[in-house]
Amino acid sequence: MTGNAGPQNERGGILPAQAIRRLIEQGYIKVKEPLLEGQLQPASLDLRLGPCAWRVRASFLPGSEARVADKLDEFALHRIDLTESAVLETGCVYVAPLLEGLALPTGISASANPKSSTGRLDVFTRVIADTVSAFDQVPAGYTGPLYAEICPQTFPIIVRQGSRLSQIRFRQGAAADTDAALADLHRRERLVSSDQPDIAQGIALSVDLAGDDNGLVGYRAKRHTGLVDVDAPGSCAVLDYWEPIRLHGEKRLILDPDEFYILASREAVNVPPTHAAEMVPFNPLVGEFRVHYAGFFDPGFGHAAAGGAGSRAVLEVRSHKVPFILEHGQIIGRLIYERMAEVPEMLYGSALGSHYQAQGLKLSKHFK
């Protein structure tokens, strides 16, 4: 499915909020309901669940020749009404149409990611598009609907029409910096608090297991908890859902198989207004654990001009099959910085009421 040429910007990069707004006004992004306050972020657009969802037998991709709706006819078990609210159970897979669709011009592609709060709830969420054989990827020129695949892993959740679990970012041309350009940007902006950062296809982040004055290094999720309403910040008591982890002495943590942990990076992160960032896995061969990187790092994250002084990255960690010993300072991912096509009209930070500016170790906004 191919869109027309559309508007072109001579400078490639990630499109900022004002450019995304223009795409909406010109019909390249289709919205079935008016945008909500805060839905447009500095370098991304929050995606909203539509009026229904389907419980499906298993996760799927439509492939290069099929529509998602055709696969739903084949794999759906039952339809769920989201116009009021509904519970999505752990271990089950759901697919919901989104209120946003696309008719992208040929020069603009898109990628999606879970919102930060979604990842910190351990809700596995991916975006699916018709005739696209990859999750969270939308090729340039795509015209068609978007769907969210949702699979709560730890907590059962309450959602409804309009709930925002994913966000989408738009790219025009090349956006990623080379290692040399990233090193130069670090010298100017101090992207991470490390004096000698490891730069190789991104800038390395490591895990903090030193903790605070009380030895707190993270949280382990409890099982068989109550519900979490994704649209109700501050509605859940921390200790009803999480077990604090405190270390004294050796700075290492044994990850139990299939348990979910919230940890933090040792480095504070700074994303200047000229760039956006995203975490990518470091190396799947270094251990049997997975860090579920949720959300994008918007321009202004941790930046002094946006009310920050460096913010640590929160890590959603799960070990698979075998226990794994995680050591303080172990590299767990790399931060990829991408150029903005232009500086956004707004930056992530206190002026926007951003939940995670200047954060340290922090659970999702749902916990008080």
Can you run down the residue pairs with Cβ atoms below 6 Å, 6 or more apart or on separate chains, where the first is in region 160-175 and on the phi > 0 side of the Ramachandran plot and the partner is surrounded by fewer than 22 Cβ atoms within 10 Å (Cβ to Cβ)? G173/G12
Answer yes or no as to whether D46 is at pLDDT 95 or above, among the acidic types (D, E) and surrounded by fewer than 18 Cβ atoms within 10 Å (Cβ to Cβ). no
Residues A204, A237: which one is surrounded by fewer than 13 Cβ atoms within 10 Å (Cβ to Cβ), in contact (Cβ under 8 Å) with a residue 40 or more places away in the chain and of a type in the set (A, V, I, L, M, F, W, C)? A237
I'd like the full set of residues that are surrounded by fewer than 22 Cβ atoms within 10 Å (Cβ to Cβ) and within 16 Å of the chain's Cα centre (by Cα), limited to region 117-148. S117, F124, R126, F135, D136, Q137
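Yes/no per residue for (1) modelled with pLDDT of 95 or more; (2) of a type in the set (D, E, K, R):
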position	(1), (2)
P145	yes, no
P152	yes, no
I157	yes, no
R164	yes, yes
F170	yes, no
G202	no, no
G211	no, no
R220	yes, yes
Filtering strands (runs of 3 or more DSSP E) wholly in region 140-189 for at least 1 residues that are under 24 Å from R57 (Cα atoms) and in contact with a helix residue (DSSP H, G or I) (Cβ under 8 Å, 6 or more places away or on another chain) gives 143-152, 164-172
Answer residue from region 64-108, given it is of a type in the set (G, A, S) and in contact with a strand residue (DSSP E or B) (Cβ under 6 Å, 6 or more places away or on another chain) and is farthest from L45 (Cα to Cα) among those: A76
Restricting to region 19-46, give me the number of residues that are assigned to a strand (DSSP E or B) and farther than 19 Å from P344 by Cα. 2
Output the qualifying pairs, or none if there are none: Cβ atoms under 6 angstrom, residues six or more apart or on different chains, first residue in region 66-93 and β-branched (V, I, T), second residue not in a strand (DSSP E or B). V68/P62; V68/D130; T83/P51; T83/Q161; V87/P156; T90/P156; V93/S59
For N9, state whether it is at pLDDT below 95, surrounded by 14 or more Cβ atoms within 10 Å (Cβ to Cβ) and of a type in the set (S, T, N, Q). yes
For region 100-109, give me each residue that is within 23 Å of P51 (Cβ to Cβ) and crowded, with 21+ Cβ neighbours inside 10 Å. E100, L102
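For (1) modelled with pLDDT of 90 or more; (2) in a loop (DSSP other than H, G, I, E, B); (3) crowded, with 17+ Cβ neighbours inside 10 Å, each residue gets a yes or a no:
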| position | (1), (2), (3) |
| --- | --- |
| G300 | yes, yes, yes |
| V314 | yes, no, yes |
| K321 | no, yes, no |
| L326 | yes, no, yes |
| G329 | yes, yes, no |
| I336 | yes, no, yes |
| R339 | yes, no, yes |
| V343 | yes, yes, no |
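The values are calculated or read from the model by the stated rules, or taken from the named source; none is laboratory data. Keep in mind that what you see is a predicted model, and the values were worked out from it rather than measured. Positions of Cβ are backbone-derived with ideal geometry, glycine not excepted, and every protein chain shown enters the neighbour counts.
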